[in-house]
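Once you've had a glance at the structure underneath, I'll fire off some questions.
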Amino acid sequence: MNEDQLLGPWAHGGPCGTAVLKAVAEDFQVDEVLDIPLSGAGEHLWLWVEKRNLNTEEAARRIARAAGVPVRNISYAGLKDRQALTRQWFSLHLPGKADPQLGKAEDETLKILSTGRHQRKLQRGAHSANGFTLRLTQMQADHAELDARLERIKACGVPNYFGLQRFGFEGSNVHGAREYAERHELPGQRNLRSRLLSAGRSYLFNRVLAERVAVGTWNQAQVGDLLAFTDSRSFFQAGYPECSDPRLALLDLHPTGPLWGMGESPAAGEARAVEAGIAAAEPSIAKWLAEAGMKHERRILRLPIGSLSWHYPEPDILQLEFVLPTGCFATAVVRELVSLAGQTDI
């Protein structure tokens, strides 16, 4: 499967040029935004960790080995990219134990920047956002055109597509999901099951979003839409008054698309028709997700870009800084700027 099949149309016009992302780890930096003050006491040790070219799960295993505890005692808020320089929180459950010596976990790929005690463990999804610093190198694009595009993105946001990395090389995770769905089976291995279910849901969501981008309604509320605020998982149905809510123009409130699961879509009108059309086009995956016990959830179709700024350290380098809600992909922003030709792992 190619990019067009896994994502969809551009919202602001085609790419302004080409560039390379992640030539080195420092070109893709991510910092968790976690608004939880540590109490300084408790049976959970929290770690602020910097990792380079190391995925979150391997970092957790290394910390567990150094601390002499089972990996199940290690918690983290979210998974971060491997090919990047990232800073994120971990917590260790250490009831009745002193702080362990963690030096054996550290090397050039992992550094523990600070520690603190707290009464509770770090929960998945506890962080409120992620801050990004991206550097696009070997860039071939006109600065004036890029500046105009970035101003438009700052004002309007971008389609909230799931990134290509969710789907595996050439869509292998989607192919796997479809194969299991057509056999009415679930993978026995927990990690594989989770990955394929996630890929299936993400693929159907992207199909719905692509339809809305194609007709220009991805950033507009329609009667029957289900609306949600940027940082909320709850939603409500739009009638005529809600379609004129000023918070839509402020990028605080957005139309949503489905994360498939059990039950009928609560959407109505044209939004429901689009979602039903995608379900009819992919009946095996839609039914498989429901039979797997997945709960029907919603995801905003429009991605607002917080605190967006940019500059050119060199004529062929563009550096971007911005903040995104959790679960959203920085590559959705990059895609509306330049093409990353030949980079299939981004």
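Derivation of every value follows stated rules applied to the coordinates shown; laboratory data play no part. Keep in mind that this is a model prediction, so the values were computed, not measured. FYI the Cβ positions are ideal-geometry reconstructions off the backbone, even for glycines, and counts take in every protein chain you see.
Sequence gap at least 6, Cα distance under 8 Å: using those rules, report the relative contact order of the stretch 197-239 to the nearest whole percent.
Result for the stretch 197-239 is 26 percent.
Could you tell me the center-to-center distance, by alpha carbons, between the stretch 185-238 and the stretch 72-150 in angstrom?
Centre-to-centre distance over Cα atoms comes out at 26 Å.
Could you count how many Lys pairs in the chain have their Cα atoms under 16 Å apart, skipping same-chain pairs fewer than 8 positions apart?
8
How large is ³J(HN,Hα) for each residue in the stretch 238-249, as worked out from phi by the Karplus curve 6.51 cos²θ - 1.76 cosθ + 1.60 (θ = phi - 60°), to whole Hz, x for Gly and Pro?
Here the 3J(HN,Hα) series is 8, x, 4, x, 5, 5, 10, 4, x, 5, 5, 5 Hz.
Let me ask another. In debye, nearest 20: dipole of the stretch 159-272 around its Cα centre with unit charges on the Cβ of K, R (+) and D, E (-)?
For this selection, approximately 460 debye.
Using 0.36 nm per residue of separation minus the Cα-Cα distance, give me the extension gain between ALA148 and GLN101 in nm, one decimal.
11.8 nm
Continuing with this model, one more query. Which of the GluC sites (Glu not before Pro) across the stretch 189-286 are loop residues per DSSP, with 14 or fewer other Cβ within 10 Å?
Taking the stretch 189-286 and a limit of 14 other Cβ atoms within 10 Å, the loop GluC sites (Glu not before Pro) found are GLU264.
If you don't mind, another one. Compute the relative contact order of the stretch 121-207 as a whole-number percentage, counting only Cα pairs closer than 8 Å that sit 6 or more residues apart in sequence.
Value for the stretch 121-207: 27 percent.
Right, another one. As an exercise, identify the trypsin sites (Lys or Arg not before Pro) in the stretch 176-284 lying in DSSP coil whose Cβ has no more than 12 other Cβ atoms within 10 Å.
ARG183, ARG233
Please work out the ratio of the alpha-carbon Rg of the chain to 2.2 N^0.38 Å and round it to two decimals.
1.04
If you don't mind, there's one more thing I want to ask. Go through the stretch 1-57 and name the trypsin sites (Lys or Arg not before Pro) that are in a DSSP coil and have 15 or fewer other Cβ atoms within 10 Å of their Cβ.
Passing both the DSSP loop test and the Cβ count: no residue.
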